[in-house]
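The values are calculated or read from the model by the stated rules, or taken from the named source; none is laboratory data. None of these values were measured; they are calculated from a predicted model. No Cβ is skipped: glycine too gets one built from the backbone with ideal geometry, and neighbour counts run over all protein chains shown.
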Ligand code: HEC
């Protein structure tokens, strides 16, 4: 029974193997262990998951204690690098620096991507964030 399940279609098996590799990479990164550089899609997906877990409780609910992170609010941080640094130092509120650097990059990439403030085919890191300005 189990064997038969394992032997089912080649495409299904490939997809599930890929999912396993992805989630292993996610777990390693979440534990602060360096993982190979994510693709842009993986970075944004990871950022989305982390944002929902660590940020949304204040920033996404009606009358949450954090301001709505609109494009205009994000732009007050001027550049992707400055937004990353502010977030890492200060967020989650009164618990800055509690996530890994890779996680803060992923959350920053998610915030910028969801408002179209950066190209979707870029992985956000110290080099690519350099000179990525958020103003219009
Ligand atoms: C416990 C509530 C809380 C959580 C959780 C939280 N924030 Fe905040 N956030 C705030 C508050 C309050 C402010 C306003 C701080 C200030 O003005 O000094 C803020 C401000 C910000 C700002 C600056 C907004 C501006 O006006 O320039 C950003 C960006 C931000 N948060 C991102 C995040 C991210 C990303 C996370 C998750 C890693 C997060 N926050 C988690 C409460 C929270």
Number of the exception - residue 131 against (1) surrounded by 13 or more Cβ atoms within 10 Å (Cβ to Cβ); (2) touching a residue at least 40 places away in the same chain (Cβ under 8 Å): (1)
Mind checking whether some residue in region 114-122 is assigned by TED's automatic domain parsing to the domain that holds residue 48, outside any helix (DSSP H, G or I), in contact (Cβ under 8 Å) with a residue 40 or more places away in the chain and within 19 Å of residue 57 (Cα to Cα)? no
Kindly evaluate residue 69 against the criterion of being assigned to a helix (DSSP H, G or I), at negative phi and near the ligand (Cβ under 7 Å from one of its atoms). no
Which residue is modelled with the lowest pLDDT, if the candidates are limited to region 49-66 and must be within 6 Å of the ligand (Cβ to nearest atom) and either in a loop (DSSP other than H, G, I, E, B) or over 20 Å from residue 105 (Cβ atoms) (or both)? 65
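Does residue 83 fit the bill of being at pLDDT 95 or above and either part of a helix (DSSP H, G or I) or within 19 Å of residue 131 (Cβ to Cβ) (or both)?
Values: at pLDDT 95 or above: yes; either part of a helix (DSSP H, G or I) or within 19 Å of residue 131 (Cβ to Cβ) (or both): yes.
When the stated conditions are applied, residue 83 passes them.
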Positions within region 87-113 being away from the ligand (no atom under 12 Å from the Cβ) and free of Cβ contacts under 8 Å to residues at least 12 places away in the same chain, in sequence order: none
